[in-house]
Amino acid sequence: MSPFKIFTNGIVKENPLLVLSIGLCSSLAVTTSVFNGIGMGLSMTFVLLMSEIIISLFRKLIPSAIRLPIFIIVIAAFTTIVQLLLQAYLPALSESLGVFIPLIVVNCIIMGRVEAFSSKNSVGMAIFDALGMGIGYTWVLVAISFIRELLGSGKIFGRAVFAEENAIGFFSGAPGGFFVFGIMIALTLGLSEMKKKKPAAKVSAEKESAKNDGATGAEK
């Protein structure tokens, strides 16, 4: 598989949230504002990227019997770095994201990619995989956050877009998060099905055309 295909798989085809549906807890909890969505997405991408690089580098030295504890230690180290940096330089974001930053350690997306990909592939491929998955995770978070913040509070990045009394409070709560996420998954599945049907319809049309041409030739 080419590096470009590995990269794009995580963004769309194998998007961790919309297609694989893993790591959902934090994605629904923190997406009440675009600022939170960007912060969580970038934090996750950093931890995923660095973890995949380190584990890919040492993949041939890590004993199979104790690979999972080693993976967790590596992920925990980079999660701690992110947590300390946020507390030092972005305390407001750190407080807003709360416990979900430490919980990156047990996020299924990172553990899944480390186990399934970086532990079996070269560093270069691991970098493309991590960036693709990280960007795929981040853009979905930002999209959900944008819709929820705009409709739920009438603001974007804390700036008013329309009057607060016209906002729909439903989108600020957990049910609103599930609703927006569900709509996005439905759209993704719908587009995927449409894409699958196009080649099938084309093949069917070609067969029908060939059949008609054969019948016309037989009549002549």
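Here are the numbers for this structure:
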{"read-out": "Residue count, the range 158-173 (criterion: open to solvent by 30 Å² or more (accessible area, probe 1.4 Å) and either within 19 Å of Leu17 (Cβ to Cβ) or in contact with a Ser or Thr (Cβ under 8 Å, 6 or more places away or on another chain) (or both))", "value": "3"}
{"read-out": "Residue count, the range 151-172 (criterion: aromatic (Phe, Trp, Tyr), within 21 Å of Leu28 (Cβ to Cβ) and assigned to a loop (DSSP other than H, G, I, E, B))", "value": "1"}
{"read-out": "Out of Gly177, Gly152, Gly134, sole residue that is closer than 30 Å to Phe71 by Cα and surrounded by 14 or more Cβ atoms within 10 Å (Cβ to Cβ)", "value": "Gly134"}
{"read-out": "Helices (runs of 4 or more DSSP H) fully within the range 1-117 counting 1 or more residues that are out of contact with any Ser or Thr (no Cβ under 7 Å at 6 or more places or on another chain), crowded, with 18+ Cβ neighbours inside 10 Å and of a type in the set (Ser, Thr, Tyr)", "value": "24-29, 34-57, 67-89, 91-97"}
{"read-out": "Residue tally, condition more than 8 Å from the chain's Cα centre (by Cα) and farther than 16 Å from Ile147 by Cα, over the range 8-40", "value": "15"}
{"read-out": "Neighbours by Cβ (under 6 Å, 6+ apart or cross-chain): first from the range 18-31, closer than 17 Å to Pro175 by Cα; second among the aliphatic types (A, V, I, L, M)", "value": "Ser27/Leu17; Ser27/Leu141; Val30/Met40; Val30/Leu97; Thr31/Leu141; Thr31/Ile144"}
{"read-out": "Matching residues, the range 77-101, being modelled with pLDDT of 95 or more, more than 22 Å from Met125 (Cβ to Cβ) and within 20 Å of the chain's Cα centre (by Cα)", "value": "Thr79, Val82"}
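The values are calculated or read from the model by the stated rules, or taken from the named source; none is laboratory data. Computed from a predicted model, the values in this text were never measured in an experiment. Backbone-built Cβ (ideal geometry, glycine too); neighbour counts: all protein chains shown. Surface areas here come from the heavy atoms of the whole protein model, side chains and all, with no ligands, DNA or RNA. Shrake-Rupley method; radii C 1.70, N 1.55, O 1.52, S 1.80 Å.
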